[in-house]
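Structure first, commentary second.
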C-alpha cells in the first residue's frame, strides 16, 4: 500500500463469475462489506504457506437492509474449524458492532473519516493516519481505478507495546492489517479474494443505490 498523505472449506467456494456491481449507499461511503452475497477471503502473510492456508478466514454478507438506525448487516465469519455469525450497523460513515446485551462496540465512529478522526471505544484509542491507494495483488475490486481507503491506527494504554494499523476500503471494510513488531510494521491480515457466493442483490428494498 502507498500512503498518499499522512498518514470448513468455506474458502474453497467458487465465486460467481460475471460483471461486478458498484452500488452507491445513500449520503455516505460505507467502510464495511454490505452487499448481500459479497464474500471476502483473508490470509495472514506473516505465516508460512502451510499454516497460512490452514488459518484462512472468510467473511460473507448474509443479509443487508436499511432501517431507521442505518444499514443493518449480518455476516458470517468462517474458518476451517467453524463458522460464526455477527451483526453490525453502518450509519453516517461509522460502523457499530452488535455486542448483544453488552451494547454496541464502535469500530468506526459516525462522521468517519473527515468529521471525526480520533475516537475511543472500550479502552481502545484509534485515529486516522491517512488515505492510501489499494495494493492487493490478485484481488478484483469493483472499482480498481478509484480504490482509495483509510489507514487507522489503534492501541490500548494497558498494552502500550501493541499497536495495530488497519486499512479500510469503502464497501469492503478491512483490507489489510499491520502489527508493530520489533519496530517494524508486519502484515498480519490481508484481503486475498473478493467475489459473490450467490447472485448480488437486485434493485429493491435491499439495494441502497443504483447499479453503475
Computed log₁₀ I(q)/I(0) - Debye formula, equal Cα scatterers, no solvent, region 135-177, q 0.31 Å⁻¹: -1.14
Shape metrics for region 67-210, restricted to C-alpha atoms - Rg then Dmax, Å: 16.3, 50
Alpha-carbon centroid distance for the pair region 150-181 / region 35-50, whole angstrom: 16
Inverse of mean 1/r across different Cα pairs in region 31-146, Kirkwood, Å: 16.2
Over 17 Å [Cα-Cα, region 34-83], rounded percent: 46
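Since every read-out is calculated from the coordinates, none of them should be taken as a lab result. Quantities reported herein were computed from a predicted structural model and do not represent experimental measurements.
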